[in-house]
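Have a look at the structure that comes next, please.
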Amino acid sequence: MPPKKAETKTNPKKRRVEDVGDNVASSSSTKIAKVHPFFSKPESNEEGDASFSSTSFRWHEPLGPKKTLLYGTNGNPSGLPSSTSSTITRTEAETSIDVPISGDHKSVEVMEDVLVATEKITLKAKEKVKVAAFDLDGTIIEGNGRTVSASWKFWKSGVKSKLEAVVAEGYSLVIISNQGIKTERLKVWREKVKSIAAALPDVPFQLFAATAKDGFRKPMPGMWTELERMIAESGQEINKDQSFFVGDAAGRKGDFAGTDRKWALNVGIKFYTPEEYFLGHPPAKYELLGFHVSSLPVDIPPFTPTSTPLVPSSDHKPKSKGKSKPSPSPSPPNLEIVLFVGYPGVGKTTFYKRHFADAGYVHINQDVLGSKPKCLKAVEKAIEDGQRCVVDNTNRDGATRQAYISLAKKKNIPIRCCHFTGPMELAWHNNLYRAYIVPEEERRPAVPYLAFTGYRAAFEEPEVDEGFDEIRQVNWEFEGGEEERKKWGMWLQLEGS
């Protein structure tokens, strides 16, 4: 059923423009009434053509904090904001673009000192959008490997008709593509996309192209997050149950990767290969390679051994994962140094906050202080002040650890080691989670991959013979709610299979 037109109600404080004459519509014989740009004609595209047809492709401002996500639209894709009314002040109207007020579909009313511009179409009620998402290379068009060429052809002859059909069925069509293209070749690729769009005059679509190794690159969910944001701004939401993604990186024998299938799993929609979707082939066997959190051991204690307290104080209790009053600090404390060992991102600082902070241990961290000598100086000061301390660094080899062990022996106090056993794959996964998945206000800059491979290359397992009084093995333990755990459980990677 077509939407009903908005009703016009009589209001004694509201006057139509045609009723108020020169007071609003014209202060001189030559002045033209103006409305907010909200109702102006479409802006011209980058070639200067202001008369977009329903098949015109247009590149928009790149998205993301570093503008690494290219975004374009062909025609008028469904699921995007289609504004219909706006309330503006007289000042705003005077500085807006000149357009005629007369016509059957637009009107302007005056209510005291406010102009109300109304387009006579009914706002769509909040509805769920069905998304049909497609990879580009190897799915819609033939893949060119690593070469960038202006030439292209459809993957199969039936692709165009299939895309037209899916739009006719009410889907919002979206192209999701990884494009690791260097700047000098990017112009060629952008023109190629316009050529593809010109061959699809009856297929309105949106296109997202990730150009960097960041949170937008598949299988990272950033492109989907941007799509969700845009659709939400239009007062709608995505119906995931009826949405799907088609891509060729499916983890099958002979596929170069499984990132397309992983992306669909991450965002929670159905997945098809091009052969399944366009040609009707049955699903093929596949294997998804790489690290996934489901491979981690479960039902293990947070640390071992568990026969003695982690914090040697009878009146200390570990901080609850929920809200609770801080535990009292032990009195008097037994001086000691606790040395953490482990990759970046395996929970060292979280472990300190949960078990040691409320017990009065001073937190010493090289990322904060800036150098190892400053860390050693901070340890010495803590001891002189009668305080216990935790050295929260990676401390990957015996030589690094020996400096702290020697200081403990010099001061005649015990030193213990907490070895965080999480593997490099988990550490890198957590690094990506903290940099790209958690809420923006909680994000931290991603630690470079070289820091993880460097740790792995130089790592030496801590031994009691180094001079430690005790070594505890600390196992990874995720802390967070159900929704957070779901996001942490995604396939997170920036490259590889």
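Need a quick list: strands (runs of 3 or more DSSP E) entirely within the range 382-497 having at least 3 residues that are within 27 Å of Ser307 (Cβ to Cβ) and within 36 Å of the chain's Cα centre (by Cα). Explain how you work it out, then say what you get.
Values: elements: 389-391, 415-420, 470-474.
Fully inside the range 382-497 and qualifying: 415-420, 470-474.
Let me ask something else. Looking at this structure, is Gly170 surrounded by fewer than 19 Cβ atoms within 10 Å (Cβ to Cβ), part of a loop (DSSP other than H, G, I, E, B) and at pLDDT 95 or above? I'd like the intermediate steps shown before the answer.
Values: surrounded by fewer than 19 Cβ atoms within 10 Å (Cβ to Cβ): yes; part of a loop (DSSP other than H, G, I, E, B): yes; at pLDDT 95 or above: yes.
Taking the combined requirement at face value, the residue satisfies it.
Inspect all residues belonging to the range 270-283 and state whether any of them is within 26 Å of Phe57 (Cβ to Cβ) and of a type in the set (Val, Ile, Thr).
Step one: of the range 270-283, the residues within 26 Å of Phe57 (Cβ to Cβ) are 272, 274, 277-278.
Checking which are of a type in the set (Val, Ile, Thr) leaves us with none.
No, because not a single residue in the range 270-283 is within 26 Å of Phe57 (Cβ to Cβ) and of a type in the set (Val, Ile, Thr).
A follow-up question, please. Could you check the range 343-373 and list, in sequence order, the residues that are more than 16 Å from Cys417 (Cα to Cα) and either surrounded by 15 or more Cβ atoms within 10 Å (Cβ to Cβ) or charged (D, E, K, R) (or both)?
Pro344, Gly345, Lys353, Arg354, Ala357, Asp358, Ala359, Gly360, Gln366, Asp367, Leu369, Lys372
Looking for something on the phi > 0 side of the Ramachandran plot and either modelled with pLDDT of 95 or more or in contact with an Asp or Glu (Cβ under 9 Å, 6 or more places away or on another chain) (or both) - is there at least one such residue anywhere in the range 391-400? Write out each step before concluding.
Step one: filter the range 391-400 for residues on the phi > 0 side of the Ramachandran plot, giving 395.
The next check asks that each one be either modelled with pLDDT of 95 or more or in contact with an Asp or Glu (Cβ under 9 Å, 6 or more places away or on another chain) (or both); those that pass are 395.
Yes; the residues of the range 391-400 include at least one that is on the phi > 0 side of the Ramachandran plot and either modelled with pLDDT of 95 or more or in contact with an Asp or Glu (Cβ under 9 Å, 6 or more places away or on another chain) (or both).
Output the number of residues of the range 291-333 satisfying the condition of being among the basic types (Lys, Arg) and at pLDDT 50 or above. Break it down stepwise before answering.
Start the filter on the range 291-333 by keeping residues that are among the basic types (Lys, Arg), which leaves 317, 319, 321, 323, 325.
Now drop any that are not at pLDDT 50 or above, which leaves none.
The qualifying residues number 0.
With touching a residue at least 24 places away in the same chain (Cβ under 8 Å), under 22 Å from Leu335 (Cα atoms) and buried (at least 20 other Cβ atoms within 10 Å of the Cβ) as the only criterion, which of Tyr436, Tyr404 stands out? Spell out the reasoning first.
On the way: Tyr436 fails: under 22 Å from Leu335 (Cα atoms).
The unique qualifying residue is Tyr404.
To continue, here is another question. Name the single residue that is surrounded by the most Cβ atoms within 10 Å (Cβ to Cβ) among those in the range 265-298 being outside the structural domain of Ile141 (by TED's automatic domain parsing) and either under 23 Å from Ser161 (Cα atoms) or without any contact (Cβ under 8 Å) to a residue 24 or more places away in the chain (or both).
My answer is Ser295.
Against the definition (outside any loop (DSSP other than H, G, I, E, B) and among the polar types (S, T, N, Q)), how does Thr349 come out, yes or no?
Working: outside any loop (DSSP other than H, G, I, E, B): yes; among the polar types (S, T, N, Q): yes.
Here the answer is yes, as Thr349 does meet what is asked.
Mind listing whichever residues of the range 58-77 are small (Gly, Ala, Ser) and outside any loop (DSSP other than H, G, I, E, B)?
Of the range 58-77, the ones small (Gly, Ala, Ser) are 64, 72, 75.
Within the range 58-77, Gly72 is the sole residue that qualifies.
The values are calculated or read from the model by the stated rules, or taken from the named source; none is laboratory data. Model, not experiment: these values are computed from the prediction. As a convention, Cβ positions derive from the backbone with ideal geometry for all residues, glycine included, and neighbour counts pool all protein chains shown.
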